[in-house]
Each structure stands twice: as structure tokens, then as C-alpha cells.
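The values are calculated or read from the model by the stated rules, or taken from the named source; none is laboratory data. Note that the structure is a prediction, hence the values are computed from the model and not measured. So basically every Cβ, Gly included, is an ideal-geometry build from the backbone, and we count neighbours across all protein chains shown. Ligands, DNA and RNA are stripped out before the accessible areas are found, and what is left, the full protein with its side chains, is counted by its heavy atoms. Shrake-Rupley method; radii C 1.70, N 1.55, O 1.52, S 1.80 Å.
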Amino acid sequence: MEAAVLPRPADITPELRRFLDSRFRSQADLAAAADVEAEIRGLYAELEASVSDLSVRLAAAAAAYSSSCSAAGTALSNVRGCLAALNASTSEPGVTEAVEVGSEEMLFEQLSSLAKEVARVELVRDYAETALKLDSFVGDVEDAVSSSVTGKLKSRAESSLKTYHVPIGYLKTIEDILSSVTKTRPQWTRLVSAVDHRVDRSLALLRPQAIVDHRALLASLGWPPSLSGTNFSSINSGKPSEIVNPLFSMKGDLESKYSESFLSLCSLQELQKRRKARQLEGHIVNNQLRQPLWVIEELVNPIAAAAQRHFSKWVEKPEFVFALAYKITRDFVDSMDEILQPLVDKANLVGYSCREEWISGMVITLSTYLVKEIFPKHIELLQEISSADASSKQSQARVSWLNLIDLMISFDKQTQALISSSGLLLSVKDDDNWQRISVLSVFCDRPDWLEIWAEIERQDTHDKLRLSMENEKNWNTRFQGTVLEYGSDDYKSPAITGVIQKGLSLLIDRARPIPNIALRAEFIKISTSPLLSEFLGWMLQRCQEAEGLTALADDNALLKVSQSINAARYLESTLTEWCNDVFFLEMENIDGRSECIFQVEINQLKDFRVQWTEKISTVILRDFDARSRDYLKNKRQWQEKSEGLTLSRAFVECLDYMQGRIAKLEDGLNVLDFVTVWRTVASGVDQLLFSGIFSGSTKFSNGGVERLHGDLSILFAAFSAWCMRPEGFFPRLSEGLKLLDIDEKQLRDGACTDNNRLREYGIRRLTAAEVEKIIKNRIYES
């Protein structure tokens with residue numbers, strides 16, 4: 001047997017050499033050569049079987065593809081044949097009549113199925129082409145991202161910024177295709193999801209690397225600038241800023257690199273915005289797609305970290321914290337417009353203002369510091385007060401809290417002035433965007449702090465108003481308020497209402513800067529409702545004291561009650577007018593509430609007015625009833641003969657008393673409630689006199705009718721000072737007198753038995769029984 005020829009060393013591949021070296025490391029390992037040979041033969045057999053299996057699968061796939069192509073070719077041939085037959089049947093004369101009905105039906109059925117098959121094949125072809133195209137672009141992105149990262153590891157200096165343009169370009173192309181697929185082929189969800197997954201992995205590498213490069217470039221620019229030696233006196237002095245702005249000092253290649261890096265980040269953010277808009281299409285997203293501008297965040301974060309080192313020194317001096325924050329915001333805001341905004345516009349990042357984003361970033365920085373460092377210390381100070389001198393310490397804690405709020409409101413006004421001074425408005429005017437430029441947004445995340453603030457404001461205002469409410473001079477002196485809607489007189493309200501109105505207005509003004517409608521409403525309710533309730537309690541107490549001392553029979557008591565009614569009327573009108581303002585109308589739609597925020601207080605003030613105007617009317621009617629009792633008991637006076645005009649002395653005295661009380665009210669009560677009082681009194685007098693005069697079996701002679709005419713003319717004259725036709729406010733008395741004036745002949749003609757005839761005489765309020773009774777008691781003299 002011939003010995004096997006060994007290969008030359010030069011013919012042995014590196015892989016085979018490494019395999020042999022790993023198995024035969026020493027002379028002793030040659031004994032295991034048979035085992036190594038058996039292992040190699042086993043691996044060879046497995047590979048042979050795998051190749052055979054792959055050959056079978058390839059042949060099956062080829063056969064399936066061939067069958068599919070054959071079926072498609074046959075289908076197309078049938079379509080072509082059917083179309084040819086159809087063309088022939090419509091072009092040759094006489095052929096149409098020769099075609100059988102059954103053949104035509106079969107032809108149309110085949111056309112329908114063939115059309116569906118062609119559409120299916122076309123859809124498969126489109127899907128395959130789109131999938132291949134997307135796979136190619138995604139592969140290009142992955143290769144570009146990989147080469148970008150690898151290139152940066154080798155050399156960070158050469159073309160480190162321009163390498164981002166290639167993958168970003170591919171990503172934009174992919175997004176264009178996916179947007180088109182989402183609109184035209186919404187059923188291809190798995191394809192879109194698979195591509196999004198691969199793109200997300202690429203972006204997870206690309207964005208962090210771009211941000212790292214951008215930060216390194218900012219550091220080379222000298223950002224953040226040094227804040228040491230900042231002079232706060234220059235904030236309002238108009239002097240040049242002492243903080244050097246590196247953005248203005250960029251030159252040449254450094255400026256070009258920064259612009260390239262800036263545009264790359266903007267392009268990535270614009271791409272991310274488009275992808276989120278596509279993925280959330282059809283969902284209610286409101287303002288969720290809006291994110292802070294990444295390039296501005298990279299400017300804000302390092303300078304915020306530098307500023308907080310200074311903030312930590314001034315925990316007890318928050319005014320310095322606000323001063324430094326505003327100085328930084330103001331000193332760099334011009335560079336946002338002049339240098340960065342054109343780059344954002346070039347990147348087609350729509351809806352972003354660099355000025356607004358910069359201010360928003362600094363506001364968020366300051367808000368974060370307030371939440372972490374300043375507010376917890378104030379809360380702790382308010383909660384730890386429990387010693388003997390708790391009152392003075394609590395007062396100091398409240399003053400410190402209010403001073404902090406004043407600083408926050410002042411800072412918000414300054415930053416909003418920076419936005420409006422450039423002629424720009426907020427890109428979107430809603431609560432979410434308002435919160436981005438307001439340090440008061442800290443209360444949006446901590447409503448419990450808002451309750452503390454509202455309670456402190458309420459207590460501070462209450463302490464000031466209580467002294468005014470206890471001063472009797474403020475109740476006796478009139479406050480010249482707004483005139484009534486249809487009168488020339490004012491509300492005649494006491495001066496205390498002006499103090500209350502001013503206090504409420506100040507509390508409402510404190511709520512206006514809060515960047516959330518629901519929280520504004522909550523603040524106003526907590527701070528103002530207890531004050532209105534307490535003032536209502538003061539008015540009720542004064543009225544009850546007047547009622548308890550003299551039962552409102554004294555003019556001074558009536559005046560005291562009138563003052564409270566006037567105050568209630570003025571505050572009710574003021575609150576109603578406020579509720580029609582846009583500021584309060586916005587609050588009606590929150591929490592399913594469809595009424596004004598002050599509706600409960602308005603109803604309470606109205607109920608108070610109605611209650612005490614009714615009591616005043618009742619007191620006057622009660623006194624009139626007592627004084628007219630003898631007059632009404634004298635039934636014989638209606639049967640006596642009279643010569644000329646005669647008046648009842650007792651009745652005149654009653655009217656004189658009543659007219660005097662009403663005249664006093666006219667001087668002390670506001671016009672609207674005074675009208676209500678005298679009309680109520682008139683209605684009560686009408687009912688009282690009608691019942692007293694026409695009740696029972698009282699007979700009326702001609703002389704009695706004349707006397708009644710004289711008495712009622714005095715009554716009507718007493719009320720003519722407040723109306724043009726006083727008899728219209730005494731309908732029952734007037735109609736009773738008209739019945740007595742009907743002559744005997746008209747009675748015989750049935751004038752009082754026909755309802756239509758009664759209406760002709762002006763009788764509308766009296767019942768048939770009352771009419772019959774009055775007519776029966778009329779005595780006619782011959």
C-alpha cells in the first residue's frame with residue numbers, strides 16, 4: 001500500500017494550522033490521531049447532510065417560484081385572450097348576436113377573478129420592492145452609524161461632524177417612505193414596526209454620540225462662561241454685561257464646526273418629531289409632541305450647574321438667586337435671536353423660538369432649585385412654630401413666604417417682558433406653554449403648597465380687613481361706587497364695601513400669574529370665600545342687633561339695616577360683573593362646573609338682601625295695620641251722608657306715618673331695593689285695606705262711596721312720588737271702587753253678571769264671589 005503524501009507547509013491554510021496546533025501540542029497527542037480523524041469525518045457528514053437539505057429546499061423554492069410565475073403567466077394570458085375576445089365581439093358587426101348568454105356570464109366571472117389575482121400579484125410585488133428598499137436604506141444607516149462611531153474612535157478631529165449628515169439623510173428618506181406606507185398601505189403594520197425597531201437601535205447610538213461631540217465642541221468654545229464677580233447692580237442700570245458671551249466670539253473654523261453640529265442636532269430632533277407624529281397619528285396628543293430644543297438644553301444645562309453653585313450660597317437671600325438667574329437670562333438672550341435662530345430656521349425645525357426656549361430653560365432651572373432648596377425650608381419654618389412666641393415667628397414666616405412669592409411674580413414679569421420685547425408671542429398660548437416660562441409653575445406639581453400660599457394670603461388680607469370692619473365710621477360713611485344700570489343714584493353702600501372690594505381685587509390679582517386655570521380657581525376660592533362669608537356674617541350680626549333692640553321700629557335701626565342691604569347689593573353686583581370677565585369665564589368649564597366661581601357667594605348675598613328687605617316691608621305693614629285698626633273697624637262711616645269732599649282723619653294719620661317711613665328708606669336704601677320695598681308695601685296695603693273695608697256685610701251709601709274716593713285718592717297721592725300711576729299698584733282697591741261707582745241702571749241691565757261686561761269696566765282681579773258681595777252691599781239712594 002502506497003504511503004499518503006503529506007501536503008507542503010505552504011499549502012496549509014491558517015485556519016487548518018490553528019486547528020492542528022490546538023489538537024497536537026506535544027508528541028503524546030499523536031496517539032489520539034484516530035479520534036481526531038473520526039471527529040472530522042462526523043463533522044464532514046453533518047455538513048454534507050446540511051448541503052443536501054439546502055439543495056432540496058432550494059429546488060422546492062425554485063419549483064414554487066416557477067409554478068407561481070407559470071400561474072401568473074397563464075392568468076395574464078387568459079386576461080389577454082378574454083380582452084381580445086371582448087374586443088372582437090364589440091368590433092365585428094353581427095358577432096354580438098352570435099355570442100351566447102352563458103359564455104358572456106362566464107367571461108365576466110373570469111374577468112373579476114383574474115382582476116383580483118392581478119391586484120394580489122401587484123400588491124405582493126409592491127410589498128417586496130418596498131421591503132427591499134427599506135432594508136437597503138436601513139442597512140446603509142446601520143453601516144453609516146457603525147462607521148461613524150468607529151471613525152470617531154480612531155480620530156475625533158477629522159470630519160467628526162460631517163459624518164452625521166449621511167445617516168441623517170438616510171433616516172429622513174426612510175421616514176418619507178414609512179409616512180407614505182402608513183397613509184397608502186395601513187395594513188403593512190408589521191413591516192413598519194420592524195423598520196421602526198431597527199431605526200430606534202440606530203438612533204440610540206447616533207443621538208448620544210452627536211450630543212457628546214456637541215458638548216465637546218461647546219467646551220472648546222469656553223462654555224459655560226465664568227459667573228464669578230457678577231455685579232447685580234448692573235441689572236437695571238443699563239451698563240454692559242460683565243459676563244462674556246462665547247457665542248459672539250466664535251470665528252472661522254470653530255464657528256463652522258459649531259454650526260454643523262448645531263444643524264445635526266436640529267435635524268435629528270426634527271426627524272424625531274416627524275416619527276412621533278406618525279406613530280401617534282389618530283391619538284389625542286394635545287401638546288405632547290413638543291419637546292425642549294435639544295441644542296438650547298445643551299447650552300442651559302452647563303450654565304445652570306455653574307449658577308447653582310452660586311445659588312447654594314444664598315439660601316437665606318433668595319433675592320440674589322432671582323437676580324443672578326435674570327441676569328444670565330437677559331445677557332444671553334440676544335445671541336439666541338442673532339446667532340442660533342437662523343440655524344434653527346435652516347434646519348426646518350418649525351414652531352421653535354430660540355429666545356423662548358432659552359428663557360424657558362432658565363425658568364425651569366430656577367424652578368427646580370426653588371423646589372429642592374428654597375420652598376422646603378419655608379415649609380419647615382411654618383411647621384416648626386410651637387413655642388411661646390409662636391405668634392411673632394409665624395408672622396415672620398408668613399412675611400418670608402409672601403416675600404418669596406413677590407420675587408417669583410416679579411421674575412415672571414421680567415422674563416415675559418423679554419419675550420414680548422422682541423415682538424414675539426408664545427408659540428402656543430396655553431397652560432402647558434405658559435408653565436414653561438413661569439416659576440410659579442412649581443405650584444402645578446405641588447397643589448398643597450398652593451393651598452398654603454392661598455391661606456397665608458387670606459390670613460394677611462383678613463388681618464387688614466378686620467380692623468376696617470370693626471370701625472363704625474366705615475359703616476356710616478358712604479362709598480361712591482358705580483351707578484346703577486338704570487338709575488342716577490349710586491348704591492349708597494357704606495365705605496367698608498370699598499375696602500372689601502379692594503381686598504378681594506388684590507387677592508384675585510395675586511392669582512392671575514398662576515399658569516393653570518384650575519389652580520387659579522382653587523386659589524381664588526380658598527382665599528376669597530372665607531372673607532366674603534365673614535363679611536356676610538358681620539352684616540347679619542348688625543341687622544340682628546338692630547332688630548333685637550327696636551324690632552326695626554326706629555329710624556336708626558332701619559338705617560343700619562339699609563346699610564347692610566346696600567353693601568350686599570354692591571358686592572353682589574361687583575361679583576356678578578367680575579363673573580362676566582374672560583378671566584373668570586375660563587374657570588366655568590373646569591371640573592364640569594358651569595357656573596361662576598362666585599355663584600355661591602352671590603346667592604348668599606341675594607338671599608340676605610331678600611330676607612331683610614322683606615323684613616323691612618313687614619315692619620312697615622305691621623305698623624300700618626296697627627295704626628289703621630280703628631279706621632277699619634268703623635263700618636258706619638260708609639253709610640253716613642257727606643257734604644262735599646270728606647276725609648277720614650285716622651286714615652290720613654296712618655298714611656302720614658307710612659309715607660314718612662318710606663321716605664326715610666328712600667334716603668338710606670339703594671334704588672333697586674327701595675323699589676322692591678315700596679312695591680311690597682303697596683301690595684300689602686292693597687290686600688289689608690280691601691279685606692278690612694269690603695269684608696263682612698259693610699254697606700256703602702253714596703256718601704260712603706264719596707268718602708272712600710277721598711281716602712283712596714290720598715293713598716294714591718302718597719305713592720305718586722315713586723310711580724306715575726299709583727292706582728295700578730292697588731288693583732283690588734281700585735276695582736272695588738269701580739264696582740261701587742256702577743249705577744243702579746247698569747246693574748239692572750246685568751252689567752255685573754257678565755264677565756265680558758266686567759272686563760269692560762276694568763274688573764279683572766276680583767273673583768265672582770267678591771264682585772257679587774260688593775254689589776249686594778251697595779245702597780242706592782233715590
With the requirement that a residue be in a loop (DSSP other than H, G, I, E, B) and in contact (Cβ under 8 Å) with a residue 40 or more places away in the chain, what does the range 186-204 give you? Trp188
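Could you please give the count of residues in the range 323-354 that are of a type in the set (Asp, Glu) and within 14 Å of Thr365 (Cβ to Cβ)?
Within the range 323-354, residues that are of a type in the set (Asp, Glu) and within 14 Å of Thr365 (Cβ to Cβ) number 0.
Specify the residue that is most open to solvent (accessible area, probe 1.4 Å); the eligible residues are those in the range 767-782 that are assigned to a helix (DSSP H, G or I) and over 15 Å from Leu733 (Cα atoms).
Ranking the qualifying residues of the range 767-782, first place goes to Lys776.
When you go through Leu571, Leu585, Leu575 one by one, which is the residue that is open to solvent by 40 Å² or more (accessible area, probe 1.4 Å), among the aliphatic types (A, V, I, L, M) and part of a helix (DSSP H, G or I)?
Leu585
Could you grab me the full set of residues in the range 501-512 that are open to solvent by 20 Å² or more (accessible area, probe 1.4 Å) and within 30 Å of Phe674 (Cβ to Cβ)? Give the derivation first.
Residues of the range 501-512 open to solvent by 20 Å² or more (accessible area, probe 1.4 Å): 501-502, 505-506, 509-510, 512.
Passing the criteria: Gln501, Lys502, Ser505.
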2 or more residues open to solvent by 30 Å² or more (accessible area, probe 1.4 Å) and hydrophobic (A, V, I, L, M, F, W, C): qualifying helices (runs of 4 or more DSSP H) within the range 326-405: 375-383
Only unsatisfied item for Thr680, checking (1) loosely packed, with under 15 Cβ neighbours inside 10 Å; (2) β-branched (Val, Ile, Thr); (3) at pLDDT 90 or above, is (1)
Only one residue in Ile597, Ile590 is crowded, with 21+ Cβ neighbours inside 10 Å and either aliphatic (A, V, I, L, M) or not in a helix (DSSP H, G or I) (or both). Which one? Ile597
What residue, of Gly139, Gly151, is modelled with pLDDT under 85, of a type outside the set (Phe, Trp, Tyr) and open to solvent by less than 50 Å² (accessible area, probe 1.4 Å)? Gly151
Do we find a residue being on the phi > 0 side of the Ramachandran plot and either modelled with pLDDT of 95 or more or within 28 Å of the chain's Cα centre (by Cα) (or both) anywhere in the range 548-560? no
What are the residues in the range 394-434 that are polar (S, T, N, Q), at pLDDT below 90 and touching a helix residue (DSSP H, G or I) at 6+ places or on another chain (Cβ under 8 Å), if any? Gln394, Ser422, Ser427
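One line per residue, one yes/no per condition, for (1) at pLDDT 90 or above; (2) farther than 19 Å from Ile602 by Cα; (3) surrounded by fewer than 21 Cβ atoms within 10 Å (Cβ to Cβ):
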position	(1), (2), (3)
Glu485	no, no, yes
Ala495	yes, yes, yes
Val499	yes, no, yes
Ile514	yes, yes, no
Lys525	yes, no, yes
Ser529	yes, no, yes
Glu534	yes, no, yes
Can you say whether Val619 is assigned to a helix (DSSP H, G or I), out of contact with any helix residue (DSSP H, G or I) (no Cβ under 7 Å at 6 or more places or on another chain) and closer than 30 Å to Ile714 by Cβ, as far as the supplied structure shows? yes
Of the residues Asp673, Asp686, only one is in a helix (DSSP H, G or I), at pLDDT 90 or above, open to solvent by less than 60 Å² (accessible area, probe 1.4 Å) and farther than 30 Å from Lys776 by Cα; which? Asp673
Could you say which residue among Leu758, Leu740, Leu712 is out of contact with any Lys or Arg (no Cβ under 7 Å at 6 or more places or on another chain), modelled with pLDDT of 80 or more and either in the same structural domain as Cys654 (by the TED database) or under 26 Å from Gln639 (Cβ atoms) (or both)? Leu712
Given the options Glu472, Glu534, name the one that is more than 36 Å from the chain's Cα centre (by Cα) and of a type in the set (Asp, Glu). Glu472
